[in-house]
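Here's the structure, in structure tokens; my notes come after.
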Amino acid sequence: MPLLCPTGLSPLATEAMKKNILLIFRNPPFANSSNSDTLDIALACSAFELPVSLLFLSDGILQLLNHQQAELLAQKDLRKRLNALAMYDIEDYYVIDQDLIRYQLSVEDLSLACKVITQQQLAALIRQFDTVINL
Amino acid sequence: MNKQQALALLDDEGYLLDLALWDQELAEALAKVDQFNLTSKHWEVIYIIREFYQEYQLSPAMRPLVKMMANKYGAEKGRSIYLLKLFPQSPPKQAARYAGLPKPLNCL
């Protein structure tokens, strides 16, 4: 059953605006606020029922590692908030195989269940989306 | 706690400044400021929201709140219409206020 639309817009109006969006996380955790901001965008898109996919690219893959000691930096750990994504019906996550190799990681090391694609598939993936946001 | 004391603990938008101060009594006081009556059904939502915050460090928007309610209390209560009847202003915002949590950021 669809959620009541809190904007007061009719479901048809929101349907027409619906575009699929790819959000790219490309910075390591704690580098700046870009990963946190990108996550905020993802959650906001969910409120508008916009379909969102997430790509963790390059150093961005490090955001998905467990056992980060955010308290040592007196910063907030994004991990708990990332775990909320499924509750917002955002469940489409990607990483690139080369980034896994570069950091000697396997998908099991990542806190979200990501699909692994190749560098070649990356271009095709990005082309699938109406909007790509890369902070 | 009188109205003045309760209001002094809130930010401009009516959310608790120091989350650690929250208890049931404070929630009742905040509701009283709004002349709002908290029933056991409201408390179910308030505790769900606090649980969500504990787990995800976020005040939930409508969609995850509905999902949480459905998971815990079943399909009948896991519906936006059910929540809107309890909290007519906006279930995520109003319940977050009484739950002593920050304003949900991604809630319209």
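Considering only protein heavy atoms and a 1.4 Å probe, what is the carbon-and-sulfur percentage of the accessible area of chain A? Intermediate values should be presented prior to the final figure.
Working: 3920 of 7210 Å².
That fraction is 54 percent.
Heavy-atom accessible surface, probe 1.4 Å, ligands and DNA/RNA ignored: which residues of region A:81-124 lose at least 10 Å² versus the isolated chain?
Those are A:R81, A:N83, A:A84, A:M87, A:Y88, A:D89, which lose 10 Å² or more relative to the chain on its own.
Please sort by residue number the GluC sites (Glu not before Pro) in region B:37-108 whose DSSP state is loop and whose Cβ has at most 14 other Cβ atoms within 10 Å.
Counting only loop positions with at most 14 other Cβ atoms within 10 Å, the GluC sites (Glu not before Pro) in region B:37-108 are B:E76.
Taking the Cα atoms only, what angle lies between the long axis of helix B:24-33 and the longest principal axis of chain B, rounded to 10 degrees?
Rounded to the nearest ten degrees, it is 80.
To the nearest whole number, what is the average tally of beta carbon atoms from other chains within 10 Å of the beta carbons of peptide B:56-65?
Details: counts 9, 8, 9, 0, 4, 9, 6, 9, 8, 1.
Whole-number average of other-chain Cβ neighbours for B:56-65 is 6.
Less than 12 Å Cβ to Cβ from A:D130, Lys/Arg counted +1 and Asp/Glu -1: what total charge do the surrounding residues give? It would help to have the intermediate numbers written out before the result.
Values: positive: A:K18, A:K19, A:R127; negative: none.
Combined, the nearby Lys, Arg, Asp and Glu give +3.
In Å, the Kirkwood hydrodynamic radius of region B:20-108 over pairs of distinct alpha carbons?
Values: mean 1/r = 0.0781 Å⁻¹.
That comes to 12.8 Å for region B:20-108.
Which aspartates and glutamates does A:K80 reach when only Cα atoms under 16 Å apart count, and residues fewer than 8 places away in its own chain are ignored?
The reachable aspartates and glutamates, counting only those whose Cα sits under 16 Å from A:K80, are A:D37, A:D40, A:E71, A:D89, A:E91, A:D109, B:E51, B:E55.
Can you list residues whose amide H is under 5 Å from A:D92's amide H, if they're 5+ apart or on another chain and H is modeled 1.01 Å from N?
Result for A:D92 returns A:L54.
Could you work out how far apart the two model spin labels at A:E71 and B:E51 are, taking each label as a point 7 Å from the Cα in the direction of the beta carbon, and quote it in nm?
A separation of 2.5 nm, rounded to one decimal place.
To test your reading of the geometry: what angle, between 0 and 90 degrees and rounded to tens, separates the Cα axis of helix B:62-73 from the longest principal axis of chain B?
Between helix and principal axis, roughly 70 degrees.
Just need log10 I(q)/I(0) for the protein assembly as shown at q = 0.08, 0.10, 0.12, 0.13 Å⁻¹, Debye formula, equal scatterers on the alpha-carbon atoms, no solvent, rounded to two decimals.
After summing over all Cα pairs, the log10 values are -0.36, -0.55, -0.77, -0.88.
For the pair A and B, how large is the buried accessible area, both sides, in square angstrom to the nearest 100, if the probe is 1.4 Å?
On the way: alone 8190 and 6550 Å², together 12750 Å².
When A and B are taken together, about 2000 Å² of accessible area is lost.
Which sequence of A:D89, A:D40 reflects their accessible areas, 1.4 Å probe, from the largest down?
Values: A:D89 75, A:D40 40 Å².
Correct descending sequence by accessible area is A:D89, A:D40.
Can you tell me what share of the DSSP beta bridges in region A:11-134 is antiparallel? A percent to the nearest 5 is fine.
Working: 1 of 16 bridges.
Roughly 5 percent of the DSSP beta bridges within region A:11-134 come out antiparallel.
Helix-only mean residue ellipticity at 222 nm, the protein assembly as shown, DSSP H runs n ≥ 4 weighted -39,500 (n - 2.57), per residue, nearest 500. What is it?
Working: 11 runs with 101 residues, N = 243.
After summing the helix terms and dividing by the residues of the protein assembly as shown, the value is -12000 deg cm²/dmol.
Compute the Kirkwood hydrodynamic radius of chain A, taking the inverse of the mean of 1/r over all pairs of distinct Cα atoms, and give it in Å to one decimal.
Working: mean 1/r = 0.0633 Å⁻¹.
By the Kirkwood definition, the hydrodynamic radius is 15.8 Å.
What lysines sit close enough to B:K32 to cross-link, taking a C-alpha to C-alpha distance under 26 Å and skipping anything fewer than 8 places away on the same chain?
Cross-link targets: B:K3, B:K41, B:K77, B:K85, B:K93, B:K103.
What percent antiparallel are the DSSP beta bridges of the protein assembly as shown, to the nearest 5? Kindly include the intermediate steps, with their values, before the conclusion.
Values: 2 of 17 bridges.
Of those bridges, close to 10 percent are antiparallel.
Let's see if you can work this out: charge +1 on each Lys and Arg Cβ, -1 on each Asp and Glu Cβ, no other charges. What is the dipole magnitude of region A:11-134 about its Cα centre, in debye to the nearest 20?
Numbers: 10 positive and 15 negative charges, 32 e Å.
I would put it at about 160 debye.
Helix A:34-47 versus the longest principal axis of chain A: what is the Cα-based angle in degrees, 0 to 90, to the nearest 10?
It works out to around 30 degrees.
State in Å² the accessible area per residue of chain A; use a 1.4 Å probe, count heavy atoms of protein chains only, and round to the nearest integer.
Details: 7210 Å² over 135 residues.
Normalised by residue count, the accessible surface of chain A is 53 Å².
The values are calculated or read from the model by the stated rules, or taken from the named source; none is laboratory data. Keep in mind the model is a prediction, meaning the values are calculated, not measured. Because the Cβ atoms are built from the backbone with ideal geometry, glycine has one as well, and the counts that use them run over all protein chains shown. Calculation scope for accessible area: heavy atoms of the full protein, side chains included, ligands and nucleic acids excluded. Shrake-Rupley method; radii C 1.70, N 1.55, O 1.52, S 1.80 Å.
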